[in-house]
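Right, one structure below, let's go through it.
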Amino acid sequence: MNDSDRVDISPAGRSASRGALPRVFEASLMLRELNRDAWLRGGLIGLLILIVLFGSALPGGEMVAVLLIVMVLVVWIRLNLTNSRSAYELETARAMVAARSAEVDRILSRVLRRWGLQRSVRMMGYVLLVQLRMAEGKLVEAGSIARTLLTMKLPGEPRPRIDLLLGLTETSLALDDHWTAWQSLAALETLPLRLDDRLHQAMLQMRYESGIGRWDACLFDLERKMTLCGLMRWREASKFCELAAEAADNLNQPALSQWLHGRSRLLAGHAESEVA
Amino acid sequence: MPSADQVRALLARHPMRSPRRAMLMLPVALLALGLLLVIGIRQAEIVGLIFLLGLIALVVVVRYRIKMLRLADEHSIQAAEMVATGRYLEALEWVWRRLKSTVALPLSYGRMVFEAGRALQALGQHEAAMVAFDFILRLFERRTWPAVRTRILRIGSLLAHEYLSDADDELNILRSTLESLKADEDGKQTIPETELEWAWASYECLRLNQQVRTLHYRDVLKLDDQAWLTRLHKMGHESAFGYGLIALAALSLGKHQEDSAEAEITDCRTIAQRWWKRATTLMAPESLMEREPLIAGVHEALEAQPSPIGGDR
């Protein structure tokens, strides 16, 4: 674990610079933000209803009430425009998490500082923050955010939950926390996964089973697993075959092991000395 | 199986269009109506009520719109999954039925057409596939990922159809595009590194395909094993097609050297055997031949790597 992985538990875990994201994630801060947004938006609607009901009783008469209604609506429309812009910025940032993390960090810090965001937009921001922290290698923080978000009702289910569970499994495996990895993998089983998710899940499952030494499970239903492996990118596919080969080694299946080692080496761009 | 004309007819029947103006103007219209009411009606209760109803209507419309966007996106993802898992006919049927739902969304629409092209190409309908690919290339800017990916597939179809001159021109365009994508002036990449390395490996594989089709076998074998492995492996399991083509080049060179020394011919056969084993370690010979019929001759002449798990690899 490197320094960047340590969680700063001090209440002032914010960055010194005002424009940046908090240096470490604080669940309480996120909850405060969500409550603040809810109160702001709910308050505006409440205010509008109050004006409608009791507007004529205001000093200055109905003209003042109408003006108040217009003011409330202007604020409401402004909030919605901010929301639309924020959602668009987050969607754009999502596509460049891996390649341009500094820019994503800037976008996130700008969006998450805004007031009156819809719950779905703010949560979308935090889901993106998990992906960003993972890309930066800050696994403890990524896991911590994912765990917090998974305890809440997420908008647009089940997509964000799937992303978070995959992220949490990834971080747990990297930190040798097999118990959390197992829990996340079990939770994933109950969700409708897309093909990309199934490939990611297969890889994580293999890493988990290999990590705890369940070699027989690694090779269970290998034909199906190899079909999935055929759809993975070369790095993941090579690693997948390598882990399966290790399992075959441990189960004393030399022919299978040699074949899998050969595949792994070929996918990694090396001559497969064992196969030739 | 859809023909090129049928693909053209589909695209003409459901052309892409920008989102309905009326939908985009709705919030502005509501605001204008509200302001008119404020001026016309002095009763705060009625004005407030109308505004509230307007807000509710706006929320309903926006939610409906978001639902439609998600559905269209889901349709294009489903089509991509069907093609990735080899359910080509199902994918084509899916696109034919649901393309209409994506006409107002350029990305989803583009993806649906792209997947139709991919399915048609996999089924050997290269003319029809090229109609779809040409459409995508008109839709997206040359340096965007959809355009790069489409050009790669289109070149594959051109080569399969033996349009070698067009394929050469397209390969040159692809190369210059990929070079310009290495990094922008400010060092930022517009396409993720993983996609870019796949694209470069695909480019090398297409060049190899071109060399084999133009009978430049010797040029193929000028590079040593490691150089080819380094160039092609980033295609993942698809690099098996490249390895199969190298085996074909070596085997064909051996056959063309009837006047050469026996040792040289045997050497070519050994090289071909080595590459064929590599290809069939990654992919079953049947899958290789299905996608690249040129390879059939290699399968008859050489011994494939047996698979200890059986079935497809």
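Since every read-out is calculated from the coordinates, none of them should be taken as a lab result. Everything quoted here is computed from the prediction, not taken from an experiment. Glycine also receives a Cβ, built like all others from the backbone with ideal geometry; neighbour counts cover every protein chain displayed.
Here are the numbers for this structure:
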| item | result |
| --- | --- |
| Point-to-point label distance, B:LYS222-B:ILE56, nm (Cα→Cβ direction, 7 Å offset) | 7.6 nm |
| Segment B:LEU36-B:ASP166, extension gain: residue separation times 0.36 nm, minus the distance between their alpha carbons | 40.6 nm |
| Compactness relative to 2.2 N^0.38 Å, alpha carbon Rg of the stretch B:215-313 | 1.04 |
| Shape box of chain A [Cα atoms, principal axes, largest first, Å] | 92, 38, 31 |
| Theoretical FRET efficiency, 1/(1+(r/R0)^6), r = Cβ-Cβ of B:LEU89 and B:VAL28, R0 51 Å, to 0.05 | 0.65 |
| The stretch A:71-202: Cα Rg divided by the 2.2 N^0.38 Å rule of thumb | 1.12 |
| For the stretch A:91-190: relative contact order, % (alpha-carbon pairs under 8 angstrom, 6 or more apart) | 22 percent |
| ³J(HN,Hα), Karplus 6.51/-1.76/1.60, whole Hz, each residue of the stretch A:81-91, x for Gly, Pro | 5, 4, 4, 4, 5, 5, 4, 5, 5, 5, 4 |
| Counted charge near B:GLY124, where neighbours are those whose Cβ lies closer than 12 Å (Asp, Glu -1; Lys, Arg +1) | -2 |
| Chain B - Rg and Dmax from Cα coordinates, angstrom | 26.3, 104 |
| FRET efficiency, 1/(1 + (r/R0)^6) with R0 56 Å, evaluated for B:THR214 and A:THR151 via beta carbons | 0.35 |
| Using alpha carbons only: equivalent-ellipsoid semi-axes of the protein assembly as shown, gyration tensor based, whole Å | 54, 31, 19 |
| Per DSSP, loop GluC sites (Glu not before Pro) in the stretch A:80-149 with at most 16 further Cβ within 10 Å | A:GLU136 |
| Linear extension gain, B:ALA122 paired with B:ARG65, 0.36 nm per residue minus alpha-carbon span | 17.1 nm |
| Proportion of all alpha-carbon pairs of the stretch B:1-139 beyond 22 Å (%) | 50 percent |
